[in-house]
């Protein structure tokens, strides 16, 4: 192996931002559906004193990761003995567009020349409230609502032929997978 190979890449910005040792979150699911959570062995209680449940898994992960600003290793132990392990990564910060040095004043013609997007709504249920929901062909992401429903708007002009297109909504925490026609 040639360590001085110029094609060898160094760590990406994303890798450099992640800690070497991730906090370990252990979630144990009781038979009645209540959850107990620990972070590096320390119990993590609900801020309002109520029990965590499957329905509050999203808010639990949001609280532990401080709204996805901290990457964690999550291990979920079901009461039937099955184990699910996942790394919840931080969300990439959104970058604001840099202002141009000489901004061009908006004219009446430029306001009217703007294209109005043609949008289609795609909805599916069964998601964990608050979970990150991927929208494929991955054109965007959305979050599930407090009732576990995900909603997204898709600009039809961004797709090659919307009449034959299908959309996939994938819950990154629950694994819920919904395929819907885009009509």
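The calculated FRET efficiency for residue 73 paired with residue 123, based on their beta-carbon distance and R0 = 30 Å, is about 0.40. If you stretched the chain out fully between residue 45 and residue 32, how much longer would it get, using 0.36 nm times the residue separation minus the C-alpha to C-alpha distance? Working it through step by step, the gained length comes to 2.9 nm. Counting beta carbons within 10 Å around each of 61, 116 and listing the fewest first gives the order 116, 61. The residue 53 and residue 156 beta-carbon pair, evaluated with R₀ = 35 Å, returns a calculated FRET efficiency of approximately 0.35.
Bear in mind these aren't lab numbers, they're just calculated from the coordinates by the rules spelled out. The shown structure was predicted, so the numbers you read here are calculated from the model rather than taken from an experiment. A quick note on method: Cβ atoms are made from the backbone with ideal geometry, for glycine too, and the neighbour counts reach across all protein chains shown.
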